[in-house]
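To keep things clear, I will list the structure first and then write my remarks on it.
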Amino acid sequence: MGANSIAVLHAREMVHRRTAHLDHVSTNLEARDKMRIFAVRRKLSLLLSILLLLASASVFFATRYSMKLHTSPNWAGYVMQGTDGVTMVSAKWTVPALDCQKTPNAYSTAWVGVGGLGHAAVWPFPQTGSDSNCVDGEQVDDYWCSYQTFKQYVVSPGDVIEAKVFRNNKEWFCSVNDVTVGKSNTKVLDYKYTGITSTSEWIVESTTISKGNRSKIGTLADFEKLTFGRMSISPGRLGTVGHQSQDNVSMTGPNGKVIAFPSWSAGVMTIIYK
């Protein structure tokens, strides 16, 4: 099957373009203004390899499995499969300090979510997390909720973040708590989610950016490492989050080499920048 045919088959993988809010981050975001590049977060169905077609500013993706490890051009982390009926996914992590000397204009986002894997996945799906980006050599951070359910809020490197998506009375919510400063937000999603719940995700993602009518996956920021603690799902019958190697996802660069990967120790997952 040719590349174009594969792309058409996977055109259902929806792309979310969420322009960064520039009016709430005070002086640090002046650097983002200088770039005049709109940040676009594409929280989309898991992409295990990529066919990037820029015609008509459209992006299509194809799926490919390696023998031992899933790979993706923009995801690194863990995708727990067989969780149909899940009602909550959560984790805790620390906002990383980036090496913006090494990657002066680069992007990363850490998030938890439900339903992002597979051809049956639909966009948007429940997600919430934090961004850590380098803009002209300066670090800019915020936290967010799926599809602009609430606006982005500023966080700082070293802040401890607790994030979760959960369902209550047939509605999905997202919740982010900045433990360090004691600031939190919990809101019902501003769209009705009726998609799958058969996968649960804990991901570090390289943000997709747009300039004019062209889009591409941005350079991954050097975050060194990010540890997802207290990874959990509900209901309890699904058990605790355990490490299954086939559910690991490593991120690969344009040359196919791994640039970020999950490492496990004592049941805790750390995403390592390579």
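Couple of notes before you dig in:
Every residue, every condition in (1) in contact with a helix residue (DSSP H, G or I) (Cβ under 6 Å, 6 or more places away or on another chain); (2) among the small types (Gly, Ala, Ser); (3) in a strand (DSSP E or B); (4) surrounded by fewer than 12 Cβ atoms within 10 Å (Cβ to Cβ), yes or no:
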site: 175; (1), (2), (3), (4): no, yes, yes, no
site: 181; (1), (2), (3), (4): no, no, no, no
site: 209; (1), (2), (3), (4): no, no, yes, no
site: 216; (1), (2), (3), (4): no, no, yes, no
site: 223; (1), (2), (3), (4): no, no, no, no
site: 230; (1), (2), (3), (4): no, no, yes, no
site: 251; (1), (2), (3), (4): no, no, yes, no
site: 256; (1), (2), (3), (4): no, yes, no, yes
site: 272; (1), (2), (3), (4): no, no, yes, no
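- Residue list for region 128-169, filter: assigned to a strand (DSSP E or B) and among the aromatic types (Phe, Trp, Tyr): 143, 144, 153, 166
- Scanning region 110-147 for residues that are among the β-branched types (Val, Ile, Thr), touching a strand residue (DSSP E or B) at 6+ places or on another chain (Cβ under 8 Å) and either more than 21 Å from residue 185 (Cβ to Cβ) or surrounded by fewer than 24 Cβ atoms within 10 Å (Cβ to Cβ) (or both) gives a single hit, 140.
- Condition broken by residue 154, with the remaining ones in (1) closer than 16 Å to residue 229 by Cβ; (2) surrounded by 15 or more Cβ atoms within 10 Å (Cβ to Cβ); (3) β-branched (Val, Ile, Thr) satisfied: (1)
- Strands (runs of 3 or more DSSP E) fully within region 55-96 counting 3 or more residues that are in contact with a Gly (Cβ under 9 Å, 6 or more places away or on another chain) and modelled with pLDDT of 85 or more: 75-81, 88-94
- Tabulated pairs, region 113-130, first at pLDDT below 95, second crowded, with 20+ Cβ neighbours inside 10 Å and acidic (Asp, Glu), C-beta under 6 angstrom, 6+ apart or interchain: 116/201
- Any hit, region 238-245, residues being in a strand (DSSP E or B) and either of a type in the set (S, T, N, Q) or at pLDDT 90 or above (or both): no
- The set of residues from region 88-108 being surrounded by fewer than 24 Cβ atoms within 10 Å (Cβ to Cβ), in contact with a Pro (Cβ under 9 Å, 6 or more places away or on another chain) and within 14 Å of residue 132 (Cβ to Cβ) comprises 94, 97.
- Being at pLDDT 85 or above, of a type outside the set (Phe, Trp, Tyr), within 23 Å of residue 98 (Cα to Cα) and under 17 Å from the mean Cα position of the chain (by Cα) holds for only one residue in 262, 254, and it is 262.
The values are calculated or read from the model by the stated rules, or taken from the named source; none is laboratory data. Worth saying up front: this structure is predicted, and the values here are computed from it rather than measured. When we count neighbours, we look across all protein chains shown, and the Cβ atoms used for this are built from the backbone with ideal geometry, even at glycine.
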